Amino acid sequence: MSAASPELQSIADRVVARAAPGEQVEAYVARGRETDVRIYEGEIEHFVSAQSEGIGIRVIRDGRTGFAYAGTLDDDAIASVLAEARDNVSFGTPDEWAGLAEPDGVAVVAQQLWSDALADYPTDGKIELAKELERLTRAVDSRVRVDDANYSDGSGEAAVASTSGIRVSGRENGCYVSVSTLADDGDETQTGFGFAVGRSPQEFDLAKAAQQAADRATRLLGAVKPPSKRVTVVLDPFVTAQFLGVLSSALNGENVAKGRSLFANRVGESVASPLFTLVDDPTNPKAYTATDIDGEGLAARRNALIDGGVLQGFVHSSYSARRAGTNSTGNAVRGGFKGTPGVGCLAMQLQPGTRSQAELIADVDDGVLIQMVQGLHSGVNPISGDFSTGASGLLISHGELGGPVREFTIASTLQRMLHDIGEIGGDVDWLPMSAAGVSLVIHDVTMSGV
Amino acid sequence: MESPLVRLAVVIEQDVLERVLATALRGGGEFAEVYAEDKSSTSAGLDDGRVEQVTSGRDRGAGIRVVSGETTGYAYTADLSEAGLRIAAEAAGAVAANGGGGNRTVALTRSAPHPVNRVEVYPDTVGKAAKVSLLQRIDSAARSTGAAIGQVSAGYGDSRKRILVANSDGLLAEDEQVRHLLRISVVANGDAGMQTGFESLGHTIGFEVFAENDVEELARSAARQAITKLRARPAPSGSIPVVIKAGSGGVLFHEACGHGLEADLVGKGASVYRGKVGEQVASPLVTLVDDGTMSGEWGAIGIDDEGHPSQYNVLIQDGVLTDYMWDHLRARKEGHAHTGNGRRQSYMHLPMVRMTNTYVLNGTDSPQDIIRETPHGVYVAKLGGGSVNTATGDFVFGMTEAYLIENGEITEPLRESNLIGNGPQVLRDIEALGNDFAMGNPGTCGKDGQGVPVGDGQPTLRVKTMTIGGTAG
């Protein structure tokens with residue numbers, strides 16, 4: 001969040017002012033706007049423009065928590081949300097750690113989260129961007145069709161206030177374009193996608209997005225199902241970012257406290273290869289998810305998670321920190337006004353190595369370059385560590401890239417994969433995800449195909 | 001507390017709807033629609049032995065779309081006053097304007113109700129204490145299943161939603177949708193680490209669902225899964241025969257072919273089933289339906305989110321592709337009848353073609369025989385989530401509870417892994433179909449960023465081979 005939102009702040013303040021003695025109250029007020037354009041064959045398929053707003057109120061009394069929300073900011077609705085939240089308090093179980101965040105004095109690292117250039121960008125220009133992306137993508141390769149080309153932007157302002165002294169507000173906006181492709185060769189069809197993100201449309205690299213979308217689809221034409229065997233995998237930066245996303249669940253302090261992390265009780269121990277150094281740093285302005293304030297209104301900050309393979313600690317909200325006898329790391333995450341904050345990594349980054357992906361591949365005797373994974377959410381269990389995911393990519397033989405392969409899985413366990421890391425590339429890619437991408441070599445992974 | 005619900009029909013009068021639709025069409029659009037919803041919900045979560053929080057929610061708003069040629073304009077608002085609706089109508093109409101202009105009047109005719117689900121006990125008539133006590137019963141039952149149980153989390157959710165759809169063809173339809181859902185996750189601790197178990201129960205009926213089902217047994221089942229998996233060995237790696245237990249593999253059909261039979265994807269040439277109507281696309285054993293009228297099931301709806309009554313639609317008959325699923329836009333374009341499959345997540349979303357309850361009808365084999373006639377294979381007792389690439393048919397989903405089949409008998413439990421296959425291939429490779437049909441767990445189907453509730457089901461069946469993504473040679 002950056003810059004204040006006085007109107008929403010005053011709504012939140014008024015709710016907090018109605019707290020009864022002995023009652024903790026937190027109000028989170030938000031308003032958002034979105035534009036969504038989809039182009040198909042040169043025409044607008046749909047254009048969505050809308051605004052939404054709402055409030056969520058949390059009440060804590062005697063260690064019991066109640067919550068309610070409504071998708072409106074009418075005075076009557078706000079009064080009934082507060083009444084509902086109070087009523088809900090009596091049904092919670094007393095929890096000695098329940099409570100709101102308190103100001104901790106950590107300085108906010110300001111981020112540039114608002115773009116006037118985007119706010120002022122004309123609607124026709126947004127439509128034209130999506131049309132241009134569709135044209136550029138089709139021009140890359142005659143085998144490529146465009147399923148849809150999209151422009152989306154959103155802006156949001158939010159304010160939070162609490163009886164424990166939190167009082168912050170701000171606004172942020174962002175935009176992206178994306179394109180889905182189909183590549184045909186005879187009876188065979190393969191798919192791809194490309195995207196570009198920015199604080200404002202001026203930052204888009206449309207040509208790169210078009211090229212990626214075309215390449216992703218065409219490179220899989222003629223792909224076969226590989227044999228089943230143990231191989232070395234090289235993860236594309238985009239895949240590594242997804243892998244780190246799965247891993248983040250085990251670094252979540254709330255999961256640790258509740259016995260749902262494979263890293264519980266392992267701080268100070270070696271959990272990964274000595275090459276593996278991981279931080280969560282939302283104060284790095286290069287990160288797509290860089291932010292200045294967390295979901296409870298505390299300053300976002302840099303946290304070391306794994307250093308040289310040794311587990312350093314976990315990320316916390318004020319609740320999970322209280323349970324663990326430590327301080328919040330500024331990692332409260334809130335999905336909008338309809339829920340209370342949880343815990344999550346905000347902007348993970350793996351310390352990069354020095355070599356390019358091509359150099360990493362040159363050292364692999366028998367392996368696969370994994371360019372896409374499918375089913376990470378269904379095939380990886382971050383509690384047990386069992387890891388199995390559908391994948392597609394290119395075979396690697398004697399240091400050279402070979403033919404495309406698809407409809408296979410790669411499997412191991414998260415615990416083993418972290419120790420089996422062979423090298424980390426130097427090709428950091430700040431993707432629009434909660435982790436930065438970088439090429440990653442992992443040995444001894446089971447590939448299941450034919 | 002007094003029920004926060006108000007009848008939407010009272011909130012938006014018919015003459016207001018008619019004027020708003022006329023406003024939407026002023027720019028020259030050919031079709032306009034108002035979709036309004038009013039939803040109240042309660043949820044409660046128990047974790048780590050505590051009821052952490054009870055949440056009450058209220059969502060109310062309207063989405064207006066205007067179609068002109070191939071272009072759709074859409075705007076939504078939480079302001080249901082005539083002024084608020086007209087602002088949204090103008091925003092939606094501006095995009096779909098073709099310069100034609102003119103004044104069209106719309107006369108609405110109220111559709112006959114199409115009730116599919118029968119609700120006895122509405123959620124807003126049940127005290128929060130009764131809802132919370134379900135969670136406490138689940139926690140006790142799961143923890144008493146075995147000393148290895150380390151953690152239990154359970155979630156309760158109910159919702160009551162009224163929807164109203166009015167469009168410039170004169171349609172005016174309303175429906176009320178009630179849902180109750182329980183989710184149970186259990187962690188068991190063993191010498192070699194942790195394992196998990198999961199169960200859920202969801203129906204489109206009232207709170208009576210928890211009297212009609214044994215929630216403690218559901219909790220014990222989740223706990224037993226986790227405990228059993230503590231002694232699981234790594235799943236095999238490679239292509240082998242797979243037997244899927246009744247009611248645990250409907251998601252296979254949802255992913256392997258359901259999405260590919262959605263007319264919007266077919267129309268764009270993004271489905272392997274394009275141009276295949278009338279062709280043999282599956283084993284002759286397979287008859288697949290999508291059935292929004294299956295009372296009480298998670299995907300059952302009275303009307304879809306475009307105001308059309310839900311239907312029983314046969315998609316594949318004895319292995320032959322009979323039809324796709326349709327929404328208003330695609331049906332209008334192709335001159336096809338809509339099939340009650342136009343759905344959306346909420347008033348903030350455009351409708352598109354979506355499944356409801358998708359299932360395979362019974363075959364004739366006994367499930368015991370299907371297992372006995374499998375010398376070597378994998379028995380899948382529970383599938384997790386999945387996904388598909390409709391253009392290639394390649395799909396993947398997680399096996400959350402599976403066992404080895406050796407010499408026709410179910411033996412060792414297996415650790416979790418993904419199953420992977422190609423939809424058209426797997427449909428042809430179904431070589432045995434049981435007579436023990438069962439519906440599966442309630443699901444949320446994601447498409448284009450929107451989630452909608454769906455159901456699935458099938459009898460026990462065997463697929464000739466599928467690729468199991470384990471680590472054992």
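Scanning region B:370-386 for residues that are open to solvent by 20 Å² or more (accessible area, probe 1.4 Å), more than 18 Å from B:Gly455 (Cβ to Cβ) and of a type outside the set (D, E, K, R) turns up B:Ile371, B:Pro375, B:His376, B:Tyr379. Screening A:Ser397 on (1) away from chain B (no Cβ under 14 Å); (2) within 20 Å of A:Ile306 (Cα to Cα); (3) hydroxyl-bearing (Ser, Thr, Tyr) shows it passes everything except condition (2). Looking across region B:180-195, not a single residue is surrounded by fewer than 20 Cβ atoms within 10 Å (Cβ to Cβ), at pLDDT 95 or above and at the interface with chain A (Cβ under 7 Å from one of its Cβ atoms).
Which residue, of A:Thr283, A:Thr277, is surrounded by fewer than 23 Cβ atoms within 10 Å (Cβ to Cβ), in contact (Cβ under 8 Å) with a residue 24 or more places away in the chain, under 20 Å from A:Asp104 (Cα atoms) and away from chain B (no Cβ under 14 Å)? Break it down stepwise before answering.
Values: A:Thr277 fails: under 20 Å from A:Asp104 (Cα atoms).
It is A:Thr283.
Within the bounds of region B:78-95, is there any residue that is open to solvent by less than 40 Å² (accessible area, probe 1.4 Å), at pLDDT 90 or above and away from chain A (no Cβ under 14 Å)? The answer is no; no qualifying residue exists.
Residue by residue, here is whether (1) hydroxyl-bearing (Ser, Thr, Tyr); (2) crowded, with 24+ Cβ neighbours inside 10 Å; (3) touching a residue at least 12 places away in the same chain (Cβ under 8 Å) holds:
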| site | (1), (2), (3) |
| --- | --- |
| B:Gly340 | no, yes, yes |
| B:Met348 | no, no, yes |
| B:Pro351 | no, yes, yes |
| B:Thr356 | yes, yes, yes |
| B:Val360 | no, yes, yes |
| B:Gly363 | no, no, yes |
| B:Gln368 | no, no, no |
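Working only within region A:414-444, note down all residues that are assigned to a strand (DSSP E or B), surrounded by fewer than 22 Cβ atoms within 10 Å (Cβ to Cβ) and in contact with a helix residue (DSSP H, G or I) (Cβ under 8 Å, 6 or more places away or on another chain). Matches in region A:414-444: A:Glu423, A:Asp429, A:Asp444.
Limited to region A:24-68, what total is found for residues that are in contact with a Phe, Trp or Tyr (Cβ under 9 Å, 6 or more places away or on another chain), of a type outside the set (A, V, I, L, M, F, W, C) and over 30 Å from A:Arg323 (Cβ atoms)? Don't jump to the end; show me each part of the working.
If we filter region A:24-68 for residues that are in contact with a Phe, Trp or Tyr (Cβ under 9 Å, 6 or more places away or on another chain), which is where we start, we get A:28-30, A:35-39, A:46-59, A:63-64, A:66.
Add one more test, that the residue is of a type outside the set (A, V, I, L, M, F, W, C), and what stays is A:28, A:35-36, A:38, A:46, A:49, A:51-54, A:56, A:58, A:63-64, A:66.
So of that shortlist, the ones also over 30 Å from A:Arg323 (Cβ atoms) come out as A:35-36, A:38, A:46, A:49, A:51-53.
Counting residues in region A:24-68 that are in contact with a Phe, Trp or Tyr (Cβ under 9 Å, 6 or more places away or on another chain), of a type outside the set (A, V, I, L, M, F, W, C) and over 30 Å from A:Arg323 (Cβ atoms) gives 8.
Exactly one condition in (1) within 16 Å of A:Leu346 (Cβ to Cβ); (2) part of a helix (DSSP H, G or I); (3) away from chain B (no Cβ under 12 Å) is false for A:Glu254; which is it? Unmet for A:Glu254, out of (1) within 16 Å of A:Leu346 (Cβ to Cβ); (2) part of a helix (DSSP H, G or I); (3) away from chain B (no Cβ under 12 Å): (3).
Have a look at A:Glu84, A:Glu96, A:Glu172 and point out the one that is in the same structural domain as A:Gln51 (by TED's automatic domain parsing), without any contact (Cβ under 8 Å) to a residue 40 or more places away in the chain, open to solvent by 60 Å² or more (accessible area, probe 1.4 Å) and closer than 30 Å to B:Gly57 by Cα. If you could, list the steps in order and put the result at the bottom.
On the way: A:Glu84 fails: open to solvent by 60 Å² or more (accessible area, probe 1.4 Å); A:Glu172 fails: without any contact (Cβ under 8 Å) to a residue 40 or more places away in the chain.
Being in the same structural domain as A:Gln51 (by TED's automatic domain parsing), without any contact (Cβ under 8 Å) to a residue 40 or more places away in the chain, open to solvent by 60 Å² or more (accessible area, probe 1.4 Å) and closer than 30 Å to B:Gly57 by Cα holds for just one of A:Glu84, A:Glu96, A:Glu172, which is A:Glu96.
Note on region B:243-254: residues that are open to solvent by less than 20 Å² (accessible area, probe 1.4 Å), within 13 Å of chain A (Cβ to nearest Cβ) and in contact with a strand residue (DSSP E or B) (Cβ under 6 Å, 6 or more places away or on another chain) total 1.
Considering only strands (runs of 3 or more DSSP E) fully contained in region B:357-473, which possess at least 2 residues that are more than 14 Å from chain A (Cβ to nearest Cβ)? Outline the logic, then answer.
Details: elements: B:357-360, B:376-388, B:394-406, B:409-414, B:417-422, B:430-433, B:443-447, B:450-458, B:461-469.
Here the list reads B:357-360, B:376-388, B:394-406, B:409-414, B:430-433, B:450-458, B:461-469.
For the criterion of being of a type in the set (Lys, Arg) and modelled with pLDDT of 90 or more, B:Arg104 fails.
The values are calculated or read from the model by the stated rules, or taken from the named source; none is laboratory data. What you see is a predicted model, and the numbers here were worked out from it, not measured in a lab. Cβ sites come from the backbone with ideal geometry, for glycine too, and all protein chains shown count toward neighbours. The protein model used for the area step is the full one, side chains on, heavy atoms only, and it has no ligands, DNA or RNA in it. Shrake-Rupley method; radii C 1.70, N 1.55, O 1.52, S 1.80 Å.
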